[in-house]
Amino acid sequence: MRVVSGIQPTGSLHLGNYLGAIRNWVRMQDAMAEDGGQCLFFLADLHAISMPHNPAELRAATLEMTAALVACGIDPARSVLFNQAQVPAHAELQWLLTGTARMGWLNRMTQFKDKSGKNREGASVALYTYPVLQAADVLLYQATHVPVGEDQKQHLELARDIAQKFNNDFCEPDAPVFTLPDPIVPPEAARIMSLRDGTAKMSKSDPSDMSRINLADNPDTMAKKVKKAKTDPEPLPGELAGLAGRPEALNLVSIYAAIEGSSPEAVLARFAGQGFGAFKPAMAELVVETLGPIRQRFVELKEDRESLDAILARGALHARDIGVPTLKAAYDALGLIRG
């Protein structure tokens, strides 16, 4: 079993990123280590250039994200951690796969429509072909499983379609080049909302820094943000149904449950009848206790450029070795002569 997943190096990781994705990566890494499988996690810097970007900021964000992932528990000794740009085979395989991908398939990709907005003619070609690079990202390594959220299921289906058509068109039935990866839907893909608006997702693009708990926040700032989070004057109910129409209250209860690994129902059973004057201090303590050590490690790593460069270089070397046979097989299947 081989799991492959990537994350864009946007910098400024927050609690939503940690609970929604990165913690699940760590759990998969630990499970794979026990079962003899392998995880490859990459910083999707090639994907990042599909949108307008600042080169210096992208470089800094890639290193910052590397520090954050390691601080959160991704172990470069047990997982392959690298950035795409150091493995040229991603871009090579993408080009080979564009001969198999079909315009009609890409035209159905909803993410392009969402990100390009009303100015589709002004969007980059990279944004349009983004899903083909995603296919290359996982097919290159013969991934058996790929973690996906609701917004990425369509792209994994496209990767499977491309792989299937390539195998059908260019391979013997008993010797396919590509493995068709299956999706992994994380069992606890927590959806963390803004601390200022329980109907909006926690995001680094929110102009209010009080809307999110950043990985780089010191413990006092984390506690302050929890205590100032928007709520309502009503006490907490004993059952989940009692939070209907109370998005901010539901969000805080959900965050508490996600951090401690319980359920909103269990949290409500403990705090039923109490107001947020009692609940918020308990939640602040839990947040600091959980994120404090991660934050400390992150701050230390972020300043150690040499170590971060070494982690990415070692990971890229390993990734290149894993991807070589697949890339060669794809060239051969297409009848291309390489030196």
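Quick look at the numbers
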item: In order through region 27-38: 3J(HN,Hα) via Karplus (6.51 cos²θ - 1.76 cosθ + 1.60), integer Hz, x for Gly, Pro; result: 5, 5, 4, 5, 5, 5, 4, 6, 9, x, x, 8
item: When region 294-337 is reduced to its Cα atoms, the Kirkwood hydrodynamic radius in Å; result: 13.0 Å
item: Net charge of Cβ neighbours under 12 Å - reference residue 46; Lys, Arg +1; Asp, Glu -1; result: -3
item: Crossing angle, helix 125-139 versus the chain [Cα axis fit, 0-90 degrees, rounded to tens]; result: 80 degrees
item: When each of 225/302; 228/280; 115/165; 113/204 is checked by Cα-Cα distance, pairs over 19 Å; result: 225/302; 115/165; 113/204
item: Burial ranking of peptide ranges 282-295, 14-27, 304-317 (average Cβ count within 10 Å, highest at the top); result: 14-27, 282-295, 304-317
item: Descending Cα extents along the principal axes, region 209-301, whole Å; result: 43, 24, 19
item: Long-range HN-HN contacts of residue 182 with modeled amide H, under 5 Å; result: 145, 146
item: Helix 89-98 vs. the chain, principal-axis angle (Cα, 0 to 90°, nearest 10); result: 70 degrees
item: Relative contact order of the chain, defined on C-alpha pairs under 8 angstrom at six or more residues apart (%); result: 23 percent
item: Whole-percent pair-distance distribution, where bins are 20 Å wide, for the alpha carbons of the chain; result: 28, 54, 17, 1
item: Degrees, to the nearest 10: 276-302 long Cα axis against longest axis of the chain; result: 40 degrees
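Read the figures in this text as sums done on the coordinates, not as results from a lab. All values reported here derive from a predicted model rather than from experimental measurement. Here the Cβ is made from the backbone with ideal geometry for all residues, glycine too, and neighbour counts use every protein chain on show.
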